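Everything on this sheet refers to the single structure shown next.
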Amino acid sequence: MKLPLIHRLAFTLLTFCAGWAAGVQAGSVRPSPDWLRNATIYEIFPRDFSPAGNIPAVTAKLDELHDLGVTVLWMMPIHPIGKKFRKGDFGSPYSIRDYYAVDPNYGTLADYKKFVAGAHARGMKVIMDLVANHTAWDSVMMTNKDFYKQDGNGHVIPPVPEWTDVAGLNYHSPALRAYMIAMLKYWIRECDVDGFRCDVAYMVPTDFWEQVRTELSQVKSDIMMLAEAAEKPELLTNAFDLDYSWPLLATMNNVLIRGDYASSIRRVWEKNAALYPPGALHLRITDDHDESRAVARYGLEGALAASALMFTLDGVPLLYNGMEAGDATESGDPALFDKLTIFWSPKDRPPLRCIYQDLIQLRKQYAAFRTCDVNWRHNSEETKVVSFVRADTKDEFLVVINFDNRPIDVRVDEPNSAGFTLVNIAGAPVSDGKPPPDFHLNGFEWRIYHRPFNAMATK
């Protein structure tokens with residue numbers, strides 16, 4: 001859940017510009033575990049994930065998720081949904097009545113424990129979706145009005161006027177903070193979850209998140225925390241391991257929907273890098289529960305080009321709820337409040353699962369994709385094409401992506417192109433296997449080239 005798009009972009013722009021103009025960086029980011037830098041996160045909306053729409057149906061697909069290669073499973077909120085002022089027939093999963101309960105439509109606490117244990121048995125981590133900014137109007141917590149934001153007349157109010165189905169929480173209350181931290185410890189101890197994705201984290205005081213991290217680390221030292229926030233570096237100092245790359249997502253929308261220059265992708269990446277200290281991690285997204293599906297926004301080939309970028313940049317990539325099937329079923333507002341089951345077998349789709357499987361495996365196999373460095377390369381068609389190198393001491397990868405729907409001839413400024421060979425991504429369309437520096441790329445075509453260290457040493 002997040003602010004309406006115009007408000008969210010305004011918040012991001014103001015924060016981003018202020019930091020960029022001042023040349024401000026946070027002091028340092030907290031160290032993140034190696035397993036996170038190597039991760040691919042998969043977001044699950046249980047209601048839409050299967051016709052049954054429950055947790056056991058997700059557990060039944062754990063082998064498929066493991067085979068896909070994802071390493072962290074983020075399940076959207078599993079708690080009972082409020083009925084008072086509910087939106088839609090089913091209501092938003094981010095309107096929570098009881099943080100200690102499992103929605104009976106999803107199953108039982110035992111079902112959730114079985115899901116977590118099954119994921120762990122397959123080597124996958126599980127993070128819960130924490131909604132700390134607000135609750136349902138009929139929450140069990142409403143017996144303590146001090147937990148909630150109130151107007152001058154003592155009436156409980158929503159966090160922002162548009163969110164009429166939820167009531168805002170008041171973090172000036174020490175009792176509320178204690179309640180929330182105790183609840184988080186409960187889920188770690190009871191179900192052995194590995195961390196939390198924290199909804200609209202930028203709307204909750206940073207000092208609360210720092211308190212949370214200190215307390216939870218004493219229960220489980222290697223927990224992971226993901227902030228739904230952007231351009232707020234202070235969150236990554238003492239509380240969170242990574243945040244969202246919303247400016248990059250907005251830029252992708254501008255490029256693929258509104259015809260902006262592809263070179264703006266590099267510019268926004270460089271501005272973001274200047275705002276944060278070295279080592280900052282960002283969630284790389286093209287698709288999630290707050291957006292229309294990427295294949296609907298960009299078209300199938302454009303969506304794959306966007307995914308190729310997100311999987312080869314620094315940071316941690318995200319797959320969302322059937323993305324590997326090319327599902328185009330609506331998922332954002334207002335569909336978030338109803339049930340629209342994933343269409344797992346769409347016709348006329350290329351083997352998207354194989355493509356994502358190979359991209360995930362590439363990131364796992366080569367540490368070059370887990371560094372923080374992205375070395376951008378100029379090319380002869382920067383209004384349409386992006387090109388960059390990912391490298392470490394063992395391997396070097398050259399990535400070239402055409403973000404235009406028309407064929408193009410392009411030359412990449414690579415000082416020494418000898419030794420690069422095309423990486424085979426099963427099912428990815430490639431017009432020819434010609435090595436750099438000169439390419440003919442079809443519309444939305446992308447390529448990844450590999451050169452091992454021994455070839456690099458000849459430069």
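Does segment 127-282 classify as rounded, prolate or oblate by the C-alpha gyration tensor (a ≥ b ≥ c root eigenvalues; a/c under 1.5 gives rounded; else a/b over b/c gives prolate, otherwise oblate)? Oblate. Note on E210, E162: ascending count of other Cβ atoms within 10 Å places them as E162, E210, the fewest first.
Write down the percent of antiparallel bridges among all DSSP beta bridges whose residues are both part of segment 5-365, to the nearest 5.
20 percent
In whole percent, what relative contact order does the chain give with Cα contacts below 8 Å and a gap of six or more residues? With pairs under 8 Å counted, the relative contact order is 15 percent.
A helix-only calculation puts the chain at -9500 deg cm²/dmol for mean residue ellipticity at 222 nm, using -39500 (n - 2.57) for each DSSP H run of at least four residues, averaged over all residues. Pairing the Cα long axis of helix 5-22 with the longest principal axis of the chain, what angle in degrees results, from 0 to 90 and rounded to the nearest 10? The answer is roughly 70 degrees. Label 7 Å along Cα→Cβ of K339; segment 81-117 residues with amide nitrogen under 12 Å? Within reach of a label on K339, which here means backbone N under 12 Å from a point 7 Å along Cα→Cβ, segment 81-117 contributes 89-91, 105-107. Structural descriptor for segment 300-447: relative contact order 23 percent, calculated from alpha carbon pairs under 8 angstrom and at least 6 residues apart.
Given a Förster distance of 51 angstrom, what is the FRET efficiency for K364 paired with N153, based on the Cβ-Cβ distance and rounded to 0.05? Don't skip to the answer; put the middle values down first.
Values: r = 56 Å, r/R0 = 1.10.
Efficiency, rounded to the nearest 0.05: 0.35.
Summing charges over all other residues whose Cβ lies under 13 Å from the Cβ of S50, with Lys and Arg as +1 and Asp and Glu as -1, gives 0.
Simple spin-label estimate for S221 and A121 gives 2.8 nm between the two label positions (7 Å along the Cα-to-Cβ direction from each Cα). For V140 and T393, the FRET efficiency from 1/(1 + (r/R0)^6), where r spans their Cβ atoms and R0 equals 56 Å, is about 0.55.
Which order results if T341, T214, T312, T206 are arranged by neighbouring Cβ count within 10 Å, fewest first?
Working: T341 15, T214 12, T312 23, T206 18.
Lowest count first: T214, T341, T206, T312.
Net charge around T286, counting only other residues with Cβ within less than 10 Å of its Cβ (Lys, Arg = +1; Asp, Glu = -1)? With Lys, Arg at +1 and Asp, Glu at -1, the net is 0. Short-range pairs are left out: with C-alpha atoms under 8 Å and at least six residues apart, the relative contact order of segment 93-173 is 30 percent.
Between A274 and K434, the simple spin-label model (points 7 angstrom out along Cα→Cβ) gives 3.6 nm. By the count of other C-beta atoms within 10 Å, a proxy for reagent exposure, R86, R47 are ordered fewest to most as R86, R47. Each Lys and Arg Cβ is given +1 and each Asp and Glu Cβ -1; about its Cα centre, the chain then shows a dipole of about 320 debye. Using only the Cα atoms of segment 5-365, build the gyration tensor, take square roots of its eigenvalues as a ≥ b ≥ c, and label the shape rounded, prolate or oblate: rounded if a/c is under 1.5, else prolate if a/b is larger than b/c, else oblate. Because its axes are fairly even, with a/c under 1.5, segment 5-365 counts as rounded. Efficiency by 1/(1 + (r/R0)^6): what FRET value for S417 and E162, r their Cβ-Cβ distance, R0 = 60 Å, to the nearest 0.05? That gives a FRET efficiency of 0.70.
Each value in this text was obtained by applying a stated rule to the coordinates, not by laboratory testing. Since the model is a prediction, treat every value here as computed from it, not as a measurement. Note that each Cβ is placed from the backbone with ideal geometry, even for glycine, and that neighbours are counted across all protein chains shown.
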